[in-house]
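Enquirer: Below is one structure. I have some questions about it.
Coordinate-derived values only; no laboratory data. Only a predicted model underlies this, so the values are computations on that prediction, with no experimental measurement involved. Note: ideal-geometry Cβ built from the backbone for every residue, glycine included; neighbour counts use all protein chains shown.
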Amino acid sequence: MKALIFDFDGTLANTLPVCFHAFQAVFNRFDERDLTDDEIKEMFGPSETGIIRENLSHTEKDQAIELFYEKYSDSHRRLVDTNEEIIELLTFVKDKGMKLGIFTGKARRSLDISLQELQMDGMFDVIITGDDVTNPKPHPEGLQKALSQLGINEKEAMFIGDSNADIEAGLAANVHTAAVQWLPDYQTSQFDSNPDSIYKSVKQFLESLDYWTSKTSNEKT
């Protein structure tokens, strides 16, 4: 295993509340629609800009996109906490000499806001966002791009995510695919496809990773 590639929202950061808040503000102001979290979740797949362009009825879509980023940025610190367990996990992976990647449906603009706010900026060797792909999850295009940029094959990576689209993308890319439900808000409670592994806590995943890397190191010596 040479690299771990993570989804972002609901996997590396509990950012779903700020996503919901920003989308709800947009659809309320421009379409006068009050959307539930689940209704917004049904729109997930494209980036934020794609979601707004595809689902907003109002013609002022560019203004709506700017409102989304305004609300996302202004409310991030209030709605999203830094997770020390996640930082510990990322640091552990780096210390073991493995590469770190992100494959997310988020746009680069919102991801950059979150990475800076959560002290994760500069930790990743490859980042593929919704802006970088033609086909969003569950298509494996983003994972394939990440593997190519890292210079590794599918057998040398693991993809970790919290949604059905994540699991389907990972399996389609033929990488070891882990489903996680370790943050307060995650996208999927029951997975339609069978992931290779499921983790309910960061601690459980870290212990498994520590055991695997120690075993591999011993076998090499």
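Enquirer: May I ask you to list the residues in the stretch 12-54 that are buried (at least 18 other Cβ atoms within 10 Å of the Cβ) and without any contact (Cβ under 8 Å) to a residue 24 or more places away in the chain?
Expert: If the condition is that a residue be buried (at least 18 other Cβ atoms within 10 Å of the Cβ) and without any contact (Cβ under 8 Å) to a residue 24 or more places away in the chain, then Phe20, Gln24, Leu35, Ile40 are the ones that fit.
Enquirer: Let me confirm something: among Gln204, Gln190, which residue is loosely packed, with under 13 Cβ neighbours inside 10 Å, more than 16 Å from the chain's Cα centre (by Cα) and within 19 Å of Asn14 (Cα to Cα)? Before you say what the answer is, go through the steps one by one.
Expert: Values: Gln204 fails: loosely packed, with under 13 Cβ neighbours inside 10 Å.
None of the other options fit; the residue is Gln190.
Enquirer: Find the residue count for the stretch 38-71, including only residues that are β-branched (Val, Ile, Thr) and assigned to a loop (DSSP other than H, G, I, E, B). Full working, then the answer.
Expert: Here is the first cut: in the stretch 38-71, the ones β-branched (Val, Ile, Thr) are 40, 49, 51-52, 59, 65.
So of that shortlist, the ones also assigned to a loop (DSSP other than H, G, I, E, B) come out as 59.
Adding up the residues that qualify gives 1.
Enquirer: How about the stretch 76-94: which of its residues are surrounded by fewer than 16 Cβ atoms within 10 Å (Cβ to Cβ) and over 15 Å from Phe124 (Cβ atoms)?
Expert: Once the filter is applied, which keeps residues that are surrounded by fewer than 16 Cβ atoms within 10 Å (Cβ to Cβ) and over 15 Å from Phe124 (Cβ atoms), the stretch 76-94 yields Arg77, Arg78, Asp81, Thr82, Glu84, Glu85, Glu88.
Enquirer: Ok, one more. Consider only pairs whose beta carbons are under 6 Å apart and that are at least six residues apart or on different chains; among these, list those whose first residue lies in the stretch 79-100 and is closer than 16 Å to Ser201 by Cα and whose second residue is in a helix (DSSP H, G or I).
Expert: Pairs found: Glu85/Val202; Leu89/Val202; Leu89/Leu206.
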